[in-house]
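Novice: First the structure, which I've put down as structure tokens, then a few questions once you've had a look.
Nothing in this text is a laboratory measurement; each read-out follows from the coordinates by a stated rule. Please read these numbers as outputs of a predicted model, since none were measured by experiment. Counting neighbours? That spans all protein chains shown, and the Cβs are built from the backbone with ideal geometry, glycine included.
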Amino acid sequence: MVRALLLRGMTAGVVAGLAYFVFAYLFGEAAVDGAIAYENSSTAAAHGASGEPPLVSRGIQSTVGLGAAAVLYGVVIGGLLALVYAAVVGRVGRLSPRATAAVIAGVGFAAVAAVPFLKYPANPPASTIDSTVGQRTGPFVALIIISVALMVGAVLMQRSLSARLGTWNATLTAAGAYVAAAGIAGFLLPTVDETPADFPATVLYDFRLASIGGQVVLWAVVGLVFGALVDKRSKRPTGTPAGAGLQGGTSRSS
């Protein structure tokens with residue numbers, strides 16, 4: 001069962017990665033070009049030259065390089081979504097396979113992408129002072145781990161409170177607890193002043209907007225495609241005894 005779900009998750013990840021690549025290419029590359037232009041001008045002002053040419057051309061970086069990285073990232077996210085789905089399917093009330101996949105994708109986006117982004121948003125090339133790179137990396141990774149751990153705790157809280165408060169009230173309580181705890185964690189982690197004062201604000205804004213938009217596209221597509229794949233597989237064929245659901249059908253395919 002897990003192997004079959006993992007294959008579907010990775011397949012969904014490929015589709016999501018391609019969608020992410022298209023979005024990033026259309027909406028993010030202009031900001032990257034602006035950041036590179038700033039970097040070149042700063043280098044020329046400091047050293048009187050534009051610097052050595054890159055080992056890989058900008059055209060390759062923005063197409064083949066970006067596409068390969070996007071697909072690989074999508075496959076990883078799709079695989080993780082499939083593993084979480086395998087662990088929770090049948091334990092989230094009466095949600096359908098599509099709805100379960102969508103909920104997992106939404107929760108994953110919030111914990112892995114949205115909350116860390118609010119504290120440490122993505123930066124384009126040349127927008128980070130070299131001496132601050134190490135100051136940002138550790139807290140950024142720590143916030144992702146903390147956010148995921150808090151989300152797991154929120155899910156467990158929701159399940160434990162459902163019997164007493166009802167599903168809706170338990171969900172709101174758990175969500176509020178997660179937001180409060182994540183906000184406290186973000187407040188306690190250091191704020192890094194990493195952007196040069198003369199870096200173009202428009203370039204920074206456009207890149208960050210494209211970055212979080214790409215994450216929305218990635219997680220939405222992987223959730224929808226994976227949900228469609230598992231929902232299709234869970235359909236009971238004619239003649240299958242009642243009660244033979246997703247687990248039975250998937251185990252035969254593995």
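Novice: With r as the distance between the Cβ atoms of Leu156 and Val64 and R0 = 45 Å, compute the FRET efficiency 1/(1 + (r/R0)^6) and round to 0.05.
Specialist: Details: r = 43 Å, r/R0 = 0.95.
Taking R0 as 45 Å, the efficiency between Val64 and Leu156 is 0.55.
Novice: Taking a spot 7 Å from the Cα of Met1 along the direction of its beta carbon, which residues of segment 91-128 have an amide N less than 13 Å from it?
Specialist: 91-92
Novice: Let me ask something else. Could you order the peptides 17-27, 121-131, 190-200 from most to least packed, using the average number of other C-beta atoms within 10 Å per residue? Could you put the intermediate results ahead of the total?
Specialist: Numbers: 17-27: 19.0, 121-131: 16.1, 190-200: 13.0.
Those peptides, ordered most packed to least, come out 17-27, 121-131, 190-200.
Novice: Would you mind counting up the charge near Ala210? Only other residues with Cβ under 15 Å from its Cβ, with Lys and Arg at +1 and Asp and Glu at -1. Don't skip to the end; give the middle numbers.
Specialist: Numbers: positive: Arg208; negative: Glu29, Asp33, Asp206.
Computed value for this residue: -2.
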